[in-house]
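Have a look at the structure below before the remarks.
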Amino acid sequence: MSNLMSGAQMLLECLAREGVDCIFGYPGGVTLPFYDVLYEHPIRHVLVRHEENAAFAAEGYARATGKVGVCCATSGPGATNLTTGLVDAMMDSIPIVAITGQVPTKLIGSDAFQEADTFGITRSCTKHNYLVKRLEDLPQAVHEAFYVAASGRPGPVLVDITKDVLQGQGHYQPVTSVHLPGYKVFTEGHTGQIRRAAQMVEEAERPLVYAGGGIIAAGAAAELNELIECTDAPAVITLMGLGAMPSQHPNFISMPGMHGSFAANQALSNCDLLIALGVRFDDRVTGRLAAFAPHAKVVHVDIDPAEIGKNRAPDVPIVGDVKRVLAKINKLLVEEKAPASEKRSAARRAWWQQIRAWKAEHPFPAPVSDTEIKPQHLMAEIDRLSGGNAIVSSDVGQHQMWAAQLIRFNEPRLWLSSGGLGSMGFGLPAAIGAQFARPDKLVFALVGDGGFQMSIPELGTIASNGLPIKIVVMNNGYLGMVRQWQTLFYNNRLSAVELDCFPDAAKLAGAYGFKGRTIDKPWDLAPALEEAVNEPGPYLLNVKVTPFESVYPMVPAGAAINEMVLGPPQPVPVPAT
Amino acid sequence: MLQIISLLLENKPGALMRVTGLLSQRGYNIESLTVARTLDPALSRMTIVVDVEAVKRQQVIKQMNKLINVLQATDLTELPAVVREMVLVRVRTVQETRTAVLKEAEIFGGRVVDSSTEGFAIEVTGAPEKLNEFIDVMRSYGEIEVTRSGALAIALEAKKLRLQPPVPTRAGKLEEPVY
């Protein structure tokens, strides 16, 4: 059997062997050899309309499945356009591999046409990156990239390949192993620390689980739920972790942090043991760090040693795969369950009573109006149609926070959202990736009118592939979250936040050959959403909501998380004269 | 405070950029950095001195260890270690002070590497603080020019190097690709 093949064929062979079934990309001069062999290959290539969206779509694919998403771009502008998506994947620990073309080796450094220092530019945007200048290095680099992207704390890896490598001819040998002697992945967790953690969980009077995206990445939802069943501890789930436990679970006390629930933030501020699982004590969760969970001892489980102690020094640090560590903790808790003392049982009962009171005292505000569509009303209707089962790919801003507060998720990988980087323009292309990955699923691209206008070109990708994505634009005519801050902290001087022009949704969708509609009456909301969901193809629903609604509760920047603002500032009564 | 880090890393293109990029990205200031190949030409040894708050020292090491090309990052700040630096000083001296300059150089264990009617070029090796003193002394004799190497450090106790074994790929097990 002849195994003489071109670099481009070798690349494709490697991708096929990694189980890649779908690539989101955009061709160009130096990737021509690759696209030439892709032409008759069963791997599906999805032509996006901008490279940034190729990276976001690859993320959507990865977030919806846990598999490595793949995107591809040409040299120079193609590669630089990928960078936002790469950083986004870096911040949220999403496994993607980006393939970029590079100018021929002999032209590197000559300011050649479409040359950019992709290797240098993406150093800080990736978990690791490669510049392949020799054909014999190519298969190794590609397989290493997939291994690094998916193992340990997942993340983006970029492989930059020169045109002469893609064109070169060589003998292909399957790569049987990758050897990265300095790449340390700790999975098991320290036995002694695990024992201590289990003991502390057992003894705590006011325990609280604080779980995040690490649970999703590790596929540890079952172990998390077992811990919760076994201890009856309440749990707060971060924006990145939503779906790690069913939103209806009685122990779920919602999202913590800046726009988290009153109960979640109070619980954090009053717990005596914080069981932190696959979280990184992000500033949007902790508020003022010094005042975060001030009474709590902390057990922190994370696969990345650098996250342990980065923001909060834990009492029990455990570096490991949260799935394996939790399984061990659960086993100890079940095996060595001692009857709780009367004092502890009473304390736990009082803790639950307190949490229920907090939950009842200030649930998330969900106003409904007879005359206009409240944004929260929109989220409630999407929630009703989803029933916790649809994929919701959100953009960034107010709608993202309302969605996270009010839409339920029964399982992991349904809620796709740009958490760490907060990239506007993420929601719609990520929905494309998710719909390709999960053709069986109802997918909502839930976006604001700002982010949507960053993504309009991708309506072409949706239309040409007939993707039945339901694009719901929460349209308040403003960059709402920025406006909210201007209102609260900049004397309501609304600088550069008004989006006073928005295309006619029916015409815009019609121009791409699918249905669209604009609504602004609350009585139209449910029927319009149902129409969208029942439409076999794509649907663009532009929902004009109350323009001046703000997201509450809100923890002002720099405040402790129990210093929440629960609603809009009340007008100061004018003293009678 | 100053932290002394010894790094053992793979001698691969871009490895230096990864280290310096990481330091600036995380907001740590590099005081000095030296790098050269080890006995094994595939590896490099780097000594980095960074200015960082004491509480952040462990975080710096952890971040370094996350770099895939880094085999080992060791904080030598408080470990038994020898730290040395070399300085080359060119000092202009008038005829009357030449002997005194030579005497001073001798006190610091220096070596004259060039001598001319203008003055001397002197090489001194020692602990970085010692070199500061030497430079101060030389300055008192006249105009000087100074080049320092940056610190080099070696731990006095060997630290076990733990390397990861090769990992089999799924790709290698397949006789034929999936398609």
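Taking Cα pairs under 8 Å and at least six residues apart, what relative contact order does region A:301-375 come out at, in percent?
20 percent.
For chain A, calculate the relative contact order in percent as a whole number, restricting contacts to Cα pairs under 8 Å that are 6 or more residues apart.
In percent, rounded to a whole number, it is 14.
For the peptides A:244-257, A:29-42, what is the packing order when you average, over each peptide's residues, the other Cβ atoms within 10 Å and list the highest mean first?
A:244-257, A:29-42
Hey, any idea what the orientation-averaged projected area of the convex hull of the protein assembly as shown's Cα atoms comes to, in nm²?
43.6 nm²
Please work out how much length the chain gains when fully extended from residue A:249 to residue A:290, using 0.36 nm per residue of separation minus the C-alpha to C-alpha distance, in nm with one decimal.
11.7 nm
Run through every distinct alpha carbon pair of region A:198-309 and return the Kirkwood hydrodynamic radius in angstroms, one decimal place.
Here the Kirkwood hydrodynamic radius works out to 13.7 Å.
Tell me what chain B gives for mean residue ellipticity at 222 nm when only DSSP H runs of n ≥ 4 count, each as -39,500 (n - 2.57), the sum divided by the residue total, rounded to 500 deg cm²/dmol.
Theoretical 222 nm ellipticity from helices: -7500 deg cm²/dmol.
Based only on the alpha carbon positions, what is the Kirkwood hydrodynamic radius of chain B, in angstrom?
After inverting the mean inverse Cα-Cα distance, the result is 19.1 Å.
With each run of n ≥ 4 DSSP H residues scored as -39500 (n - 2.57), what mean residue ellipticity at 222 nm is computed for chain A after dividing by its residue count and rounding to the nearest 500 deg cm²/dmol?
Calculated mean residue ellipticity at 222 nm is -11500 deg cm²/dmol.
Across peptide B:60-70, what mean number of C-beta atoms from other chains lies inside 10 Å of a residue's C-beta?
Whole-number average of other-chain Cβ neighbours for B:60-70 is 5.
Under 22 Å from the Cα of residue A:163, which lysines turn up, not counting those fewer than eight places away in the same chain?
Correct list for residue A:163: A:106, A:133, B:12.
Hey, can you rank B:116-129, A:313-326, A:265-278 by average C-beta count inside 10 Å, highest first?
Ranked by mean Cβ neighbours within 10 Å, highest first: A:265-278, A:313-326, B:116-129.
Please compute the modelled spin-label separation between residue B:20 and residue A:137, points set 7 Å along Cα→Cβ, answer in nm with one decimal.
1.9 nm
Label points 7 Å out from Cα along the Cβ direction at residue A:456 and residue A:557: separation in nm?
Output for this residue pair reads 3.0 nm.
Could you sort A:181-187, B:163-169, A:489-495, A:235-241 so that the peptide with the highest average Cβ count within 10 Å comes first and the rest follow in order?
Peptide ranking by packing, descending: A:235-241, A:181-187, B:163-169, A:489-495.
Round to a whole angstrom and tell me the spacing of the C-alpha centers of region A:506-539 and region A:385-407.
First find each Cα centre; the distance between them is then 18 Å.
For peptide A:299-305, how many partner chain Cβ atoms fall within 10 Å of a residue's Cβ, on average?
That works out to 1 on average.
Taking the Cβ-Cβ separation of residue B:163 and residue A:195 as r and a Förster radius of 22 Å, what is the calculated FRET efficiency to the nearest 0.05?
According to the calculation, E is roughly 0.15.
If you average 1/r over all unlike Cα pairs in region A:358-514 and invert the result, what Kirkwood radius do you get in angstrom?
16.4 Å
Over the Cα atoms of region A:441-577, Rg to Rh with Kirkwood Rh, two decimal places?
Rounded to two decimals, Rg/Rh equals 1.09.
Got a sec? Charge dipole of the protein assembly as shown, +1 on Cβ for Lys and Arg, -1 for Asp and Glu; which of A:390, A:285, A:96 is way out at the positive end?
A:285
Which value, in debye to the nearest 20, gives the size of the charge dipole of chain A about its Cα centre, when Lys and Arg are +1 and Asp and Glu are -1 at the Cβ?
940 debye
Cα convex hull of region A:399-463: mean projected area in nm², to one decimal?
Mean projected area of the Cα convex hull: 4.8 nm².
Give the relative contact order (percent, whole number) for region B:108-156; include only Cα pairs under 8 Å separated by 6+ residues.
Contact order relative to length: 23 percent.
Quick check: residue separation of residue A:173 and residue A:370 times 0.36 nm, minus the Cα distance between them. What number comes out in nm?
Result for the pair: 64.1 nm of gain on full extension.
Which net charge results when you count Lys and Arg as +1 and Asp and Glu as -1 among the other residues whose beta-carbon is under 10 Å from that of residue A:84?
Overall, the nearby charge balance is -3.
Loop-only check: which chymotrypsin sites (Phe, Trp or Tyr not before Pro) in region A:382-458 are DSSP coil with at most 10 other Cβ within 10 angstrom?
none
In whole Å, largest first, what are the principal axis extents of the Cα atoms in region A:142-230?
Projected onto the principal axes, the Cα atoms of region A:142-230 cover 67, 23, 17 Å.
Could you work out the local net charge near residue A:327, counting Lys and Arg as +1, Asp and Glu as -1, over the other residues with Cβ closer than 12 Å to its Cβ?
With Lys, Arg at +1 and Asp, Glu at -1, the neighbours total 0.
Across peptide A:172-178, how many C-beta atoms of other chains are within 10 Å of each residue C-beta, on average?
5
How high is the FRET efficiency from residue A:492 to residue B:51, r the C-beta distance, R0 51 Å, rounded to 0.05?
So, using R0 = 51 Å, E works out to roughly 0.75.
Full extension from residue B:86 to residue B:103: what is 0.36 nm times the residue separation minus their Cα-Cα distance, to one decimal in nm?
4.2 nm is the gain from fully extending residue B:86 to residue B:103.
Among all the lysines, which ones have a C-alpha under 27 Å from residue A:323's C-alpha, if same-chain residues fewer than 8 places away are not counted?
By straight Cα distance, residue A:323 reaches A:67, A:127, A:184, A:297, A:310, A:331, A:337, A:441, B:62, B:66, B:173.
Just so you know, all these numbers are worked out from the coordinates, no wet-lab data involved. In this text, all values refer to a predicted model and were calculated from it rather than measured experimentally. Using ideal geometry, Cβ is built from the backbone for each residue, glycine included, and neighbour counts are taken over all protein chains shown.
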